[in-house]
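Asks: Before we start, here is the structure in question, set down as structure tokens.
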Amino acid sequence: MFTWIDEDDLFDFDLEVEPILEVLSGKSLDQALMEVLEEEELKEMGAHRDAYSQDRNASMAELQRWQAK
């Protein structure tokens, strides 16, 4: 005994895989975008921290000058 299966009876691989690939590639792109945005945010936070430290140091130096007078 044997079973006859036509070529189109099981499934069309390209048609069935396309939605899965779209989801996987979409999620990968979303994750990559989130990582890039996070890196930019960390860079901005570091720059803000550095600027704040410089302003604070300048203020402390001026305060020490006033106290010395």
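The values are calculated or read from the model by the stated rules, or taken from the named source; none is laboratory data. The structure presented is a predicted model; accordingly, all values stated were derived computationally and were not measured. Cβ sites come from the backbone with ideal geometry, for glycine too, and all protein chains shown count toward neighbours. The accessibility values were calculated without ligands, DNA or RNA, using every heavy atom of the protein model including side chains. Shrake-Rupley method; radii C 1.70, N 1.55, O 1.52, S 1.80 Å.
Asks: Considering only protein heavy atoms and a 1.4 Å probe, what is the carbon-and-sulfur percentage of the accessible area of the chain?
Replies: 58
Asks: With θ set to phi - 60° and the Karplus curve 6.51 cos²θ - 1.76 cosθ + 1.60, what are the ³J(HN,Hα) couplings of the stretch 54-66 in order, to the nearest whole Hz, using x for Gly and Pro?
Replies: 5, 5, 5, 4, 5, 5, 5, 5, 5, 4, 5, 5, 4
Asks: Dipole of the chain, Cα-centred, from +1 at each Lys and Arg C-beta and -1 at each Asp and Glu C-beta, to the nearest 20 debye? Walk me through the numbers before you get to the answer.
Replies: Values: 6 positive and 19 negative charges, 341 e Å.
The dipole magnitude comes to about 1640 debye.
Asks: What whole-number value in Å² describes the accessible area per residue of the chain for a 1.4 Å probe? Let's see the in-between values first.
Replies: On the way: 7180 Å² over 69 residues.
So the chain comes to 104 Å² accessible per residue, rounded to a whole number.
Asks: Would you work out which of Gln64, Leu29, Gly46 lies farthest towards the positive end of the dipole of the chain, given +1 charges on the beta-carbon of Lys and Arg and -1 on that of Asp and Glu, about the Cα centre?
Replies: It is Gln64.
Asks: So between Ile20 and Ala32, what do we pick up on full extension, going 0.36 nm a residue minus the alpha carbon distance? Numbers along the way, then the final one.
Replies: Working: separation 12, 0.36 × 12 = 4.32 nm, distance 1.84 nm.
Gain on extension, Ile20 to Ala32, equals 2.5 nm.
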